[in-house]
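Take a look at the structure below.
The values are calculated or read from the model by the stated rules, or taken from the named source; none is laboratory data. Nothing here was measured: the structure is a model prediction, and the numbers come from that model. Heads up, the Cβs are rebuilt from the backbone with ideal geometry, glycines too, and the neighbour counts pull from every protein chain shown. Only protein heavy atoms, including side chains, enter the accessible area calculation; ligands, DNA and RNA are left aside. Shrake-Rupley method; radii C 1.70, N 1.55, O 1.52, S 1.80 Å.
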Amino acid sequence: MSDVVEAGIINCDACPVLCRIREGRSGACDRYANTGGTLTRVDPLVVVQAIKEKDGKLIPFLSTDREWDGAVVSNSPTFITGIGASTTYPDYKPAPFIVAAEHDGVDMVTVVTEGIFSYCGVKVKIDTDRFLGPEQSTVRAGGEAVGHVTTSEYGSQMLSIGGVHHLTGGSKKEGKLTCDTMLALCNKQAVELTIDNGATVVVQAGQAPIVNGTVEERMRVGCGSATIGMFAKQWFGLVEEVVVVDDHITGLLSEHKAGRYLGIEDSGAVIRGRRSTLGRYFQVAEPGTGWGGTNITDPLSILDPFNPKVAKPGHRLLMVSTTGEHAGYYVLDQDLKPVEAEMPAAVAATVERIRENCEAALCSVVFIAGAGGSLRAGVTENPVKLTRSVKDSLTLVTSGGAPVYVWPGGGITYMVDVLRMPDHSFGAVPTPALVAPIEFTMRLDDYRALGGHMDAVVRLEQVINQDRRKSVQWDPDNPWPMLKRNYKWGDDT
Ligand code: SF4
């Protein structure tokens, strides 16, 4: 009996786990199965098609009013992606699909594979003014360290998730949770992350971040100084002073260049903070989830007493945050103390204008990986030539058909916005590593010249006619990978 079972076992060599898979079962990653004694990639091979209606218009991408069964539509421009292509890791043999097709009179070839990436990470941009945690703080998922807080950019907090150290350098659980977190983020699913000495944030590509249970609505319009510059004219005549409260740069209208330009006089307001340049103050408060990304709930707490030589009773003061989410209107009393008053409609309209100018707060997820020597060997016998061909703009790199940014410097390190990729583009193996589609497209002649595996080239028709494939509609926001203008030789077309 055991002999029979042994005889029905297949060894999967698609990753270093080397699963032994019994008939009818799948391996540890659920990507490969033993189907009737044959090792089979379970998911369909995804092809991207620019489907056209009879009148030549594109069927809208992800149209909700018209379901599409994912069948291949003949005669529509077709591009084979790496999604579901399987892999040849480590690449001692040619990539799974090396597909030739004529496009616009040029013989092109696309080398298609599913890369297995231990050397990869995810950069997350979270549009929020709220304080998520100190720079370099550990980011956790399920209690395990999966990344860190990196720089804070304009209106956004950046997180770095994954990377080889979390995947391989910690405990087994850390590696697994890091891989799970990256996989979910890249497949556009929601993930809850906690930041040491900071916030808990729910992140999902293309969705608003949820910080400590509150859905973030707006991205700031700019720092406090920029906000003054943008709206100074609209405040002119309505108030004597405006303070734009901000964690990084708090602005003071009367002292700011924009206020001076308009001839606004000194109001006697004194900001408690470190003055950088005229009308621009740093460190007015600690970072937090209050006004303008600070920890304050009472904006007056950042003001020292008004200068009695300048300030006058009855002077009007607007305090506002960089998203317009917080705002207060005050009038100086006889003792030159600001007293909150009902905000006049004209002033409220300026606050509304700030809100209107804030873009929707979103989470963006960008996958970054290095296509290493092994993966490149699946493309050519002389892997460095592929790198050179990419740098020379003779070979286009795409991921699931989506455009990528290739970093300068050595190797083929690329980044891709996961929202531009088809759904469920990513997989994982328990080594742990992420599996991501990657395609290299070039002229057939260029492929021959870089030492490509010419014996393994097949025609497109042979591939799209196989059973295990599924079409997805091309996202018209993505450039079609075969367009001549993507390549150095088609520069002027
Ligand atoms: S985990 Fe690796 S060896 Fe096992 S089935 Fe998946 S790809 Fe194959």
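Within the stretch 83-91, does at least one residue satisfy the condition of being closer than 19 Å to Pro479 by Cβ, within 16 Å of the ligand (Cβ to nearest atom) and out of contact with any Cys (no Cβ under 7 Å at 6 or more places or on another chain)? Spell out how you get there, then give the answer.
To start, the set of residues in the stretch 83-91 that are closer than 19 Å to Pro479 by Cβ comprises 83.
Remaining after also requiring within 16 Å of the ligand (Cβ to nearest atom): 83.
Among the residues that remain, those that are also out of contact with any Cys (no Cβ under 7 Å at 6 or more places or on another chain) are: 83.
Yes, some residue in the stretch 83-91 is closer than 19 Å to Pro479 by Cβ, within 16 Å of the ligand (Cβ to nearest atom) and out of contact with any Cys (no Cβ under 7 Å at 6 or more places or on another chain).
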Query - Residue count for the stretch 367-383, restricted to those that are assigned to a strand (DSSP E or B) and crowded, with 20+ Cβ neighbours inside 10 Å - result: 5
Query - Residue check, Gly427 within 16 Å of the ligand (Cβ to nearest atom), among the small types (Gly, Ala, Ser) and either touching a strand residue (DSSP E or B) at 6+ places or on another chain (Cβ under 6 Å) or modelled with pLDDT of 95 or more (or both) - result: yes
Query raised in the report: Going by the conditions given, is Gly143 more than 24 Å from Leu362 (Cβ to Cβ), surrounded by fewer than 18 Cβ atoms within 10 Å (Cβ to Cβ) and out of contact with any His (no Cβ under 8 Å at 6 or more places or on another chain)?
Result: yes
Query raised in the report: Does the stretch 163-171 contain at least one residue that is touching a residue at least 12 places away in the same chain (Cβ under 8 Å), within 18 Å of Ser425 (Cα to Cα) and outside any strand (DSSP E or B)?
Result: no
Query raised in the report: Residues Val48, Val4: which one is at pLDDT 75 or above and either open to solvent by less than 60 Å² (accessible area, probe 1.4 Å) or away from the ligand (no atom under 16 Å from the Cβ) (or both)?
Result: Val48
Requested in this report: Sort out which residues of the stretch 468-493 are part of a loop (DSSP other than H, G, I, E, B) and among the hydroxyl-bearing types (Ser, Thr, Tyr), and write them in order of number.
Outcome: Tyr487, Thr493
Report summary line: Given the conditions (1) in contact with a helix residue (DSSP H, G or I) (Cβ under 7 Å, 6 or more places away or on another chain); (2) on the phi > 0 side of the Ramachandran plot, every one holds for His424 apart from (1)
Query raised in the report: Within the set of pairs 6+ apart or on separate chains, which have a first residue in the stretch 426-455 that is hydroxyl-bearing (Ser, Thr, Tyr), a second that is open to solvent by 30 Å² or more (accessible area, probe 1.4 Å) and in a loop (DSSP other than H, G, I, E, B), and C-beta atoms under 7 Å apart?
Result: Thr431/Pro16; Thr431/Val17; Thr431/Ser118
Report summary line: Over the stretch 384-419, the set of residues in contact with a Gly (Cβ under 8 Å, 6 or more places away or on another chain), open to solvent by less than 40 Å² (accessible area, probe 1.4 Å) and not in a strand (DSSP E or B) is Thr387, Gly400, Gly411
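Which one is nearest to the chain's Cα centre (by Cα) among residues in the stretch 172-197 that are farther than 20 Å from Leu362 by Cβ and assigned to a loop (DSSP other than H, G, I, E, B)?
Restricting to residues being farther than 20 Å from Leu362 by Cβ and assigned to a loop (DSSP other than H, G, I, E, B), the top hit is Asp196.
Please enumerate the residues belonging to the stretch 17-39 that are surrounded by fewer than 17 Cβ atoms within 10 Å (Cβ to Cβ), under 21 Å from Ala95 (Cβ atoms) and either more than 7 Å from the ligand (Cβ to nearest atom) or among the β-branched types (Val, Ile, Thr) (or both). Spell out how you get there, then give the answer.
So the first thing to find is which residues in the stretch 17-39 are surrounded by fewer than 17 Cβ atoms within 10 Å (Cβ to Cβ), and the list is 17-18, 20, 22-25, 28, 30, 35-38.
Within this subset, residues satisfying the condition of being under 21 Å from Ala95 (Cβ atoms) are 17-18, 38.
Of everything in the stretch 17-39, those that are surrounded by fewer than 17 Cβ atoms within 10 Å (Cβ to Cβ), under 21 Å from Ala95 (Cβ atoms) and either more than 7 Å from the ligand (Cβ to nearest atom) or among the β-branched types (Val, Ile, Thr) (or both) turn out to be Val17, Thr38.
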Query - Positions within the stretch 443-467 being assigned to a helix (DSSP H, G or I) and of a type in the set (Asp, Glu), in sequence order - result: Asp445, Asp446, Asp455, Glu461
**Report entry** Candidate set from the stretch 21-42 (those that are in contact with a Cys (Cβ under 8 Å, 6 or more places away or on another chain) and either polar (S, T, N, Q) or not in a loop (DSSP other than H, G, I, E, B) (or both)); member that is nearest to Pro430 (Cα to Cα)
**Finding:** Tyr32
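Inside the stretch 212-321, counting only strands (runs of 3 or more DSSP E) that do not spill past its ends, which hold 1 or more residues that are assigned by the TED database to the domain that holds Glu356 and open to solvent by 20 Å² or more (accessible area, probe 1.4 Å)?
274-277, 280-282, 316-321
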